[in-house]
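Visitor: Next up is a structure, given as structure tokens.
We did not get these values from a lab; they are worked out from the coordinates using the rules stated. Quick caveat: nothing in here was measured; it's all calculated off a predicted structure. Reconstructed Cβ throughout: ideal geometry from the backbone, glycine too, with neighbour counts over all protein chains shown.
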Amino acid sequence: MIRMLDHTADVGFEIRASSVEALFDVARLALLMTVFEEPPEEGKDEDSVRLSAPDLETLLVRWINELVFLIQGDRFVPVRADARIQETDEGSFSLEARLAGAPLEFDVYGWQGEIKSATFHGLDVTKEGEDWRAQVILDV
């Protein structure tokens, strides 16, 4: 589930999923919906991401910011992600993801504007019953 949020001079979304990995994948999809009018659905290019963070909130911000870099810097649009998130013995978190993507084509996908970064403002990652929920604000 993705619900777009109104926020002064920024863009935000609230997402829900059945697992923490699914939550991070829904965040990827919400980012694509923010950046493109019609995000690509298929891609043959491949990439991978490895991240770590002291908590899930910071990991989510790093994940989104890495995706922003891939899109805007490397011109790689991640259309699919297979992510694994693990808690370490020290209580921090790691993410490893394999990505499938398409080349960035502004006109084809309806580029809606640059994202500066995901922020910690209003950031929330929680488990509610059986589901995971997050709220994210993007600086545009």
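Visitor: Cα centroid distance between region 37-77 and region 90-140, in Å?
Guide: Result: 7 Å between the Cα centres.
Visitor: Work out the length of the dipole vector of region 2-139 about its Cα centre, built from +1 on the beta-carbon of each Lys and Arg and -1 on the beta-carbon of each Asp and Glu, and round it to the nearest 20 debye.
Guide: Using only the charged Cβ atoms, the result is roughly 60 debye.
Visitor: P(r) for region 6-54, please, calculated from all Cα pair distances in 5 Å bins and given in %.
Guide: In whole percents, the pair-distance histogram is 5, 14, 18, 24, 23, 12, 4, 0.
Visitor: Assuming a viscosity of 1.002 mPa s and a temperature of 20 °C, what translational diffusion coefficient in µm² per second does Stokes-Einstein assign to the chain, Rh being the Kirkwood radius over Cα pairs?
Guide: Translational diffusion coefficient: 142 µm²/s.
Visitor: Specify the angular offset, from 0 to 90 degrees and rounded to the nearest 10, of the alpha carbon long axis of helix 56-72 from the longest principal axis of the alpha carbons in the chain.
Guide: Tilt relative to the chain: about 10 degrees.
Visitor: For the chain, find the longest principal axis of its Cα atoms and tell me its angle to the long axis of helix 20-35, 0 to 90°, nearest 10.
Guide: The angle comes out near 30 degrees.
Visitor: Add -39500 (n - 2.57) for each DSSP H run of 4 or more in the chain, then divide by its residues: what number comes out at 222 nm, to the nearest 500 deg cm²/dmol? All intermediate terms of the calculation are to be shown ahead of the outcome.
Guide: Numbers: 3 runs with 37 residues, N = 140.
Result for the chain, helices only: -8500 deg cm²/dmol.
Visitor: May I ask for log10 I(q)/I(0) of region 50-90 at q = 0.20, 0.26, 0.28 Å⁻¹, from a Debye sum over the Cα atoms as equal point scatterers with solvent left out?
Guide: These q points yield log10 I(q)/I(0) values of -0.67, -0.96, -1.04.
Visitor: Could you pull out every residue, at least 5 positions away or on a different chain, whose amide H is within less than 5 Å of the one on ALA102? Hs are placed 1.01 Å off N in the peptide plane, and Pro or chain starts have none.
Guide: Here the answer is VAL77, VAL79, since their amide H atoms fall under 5 Å of that of ALA102.
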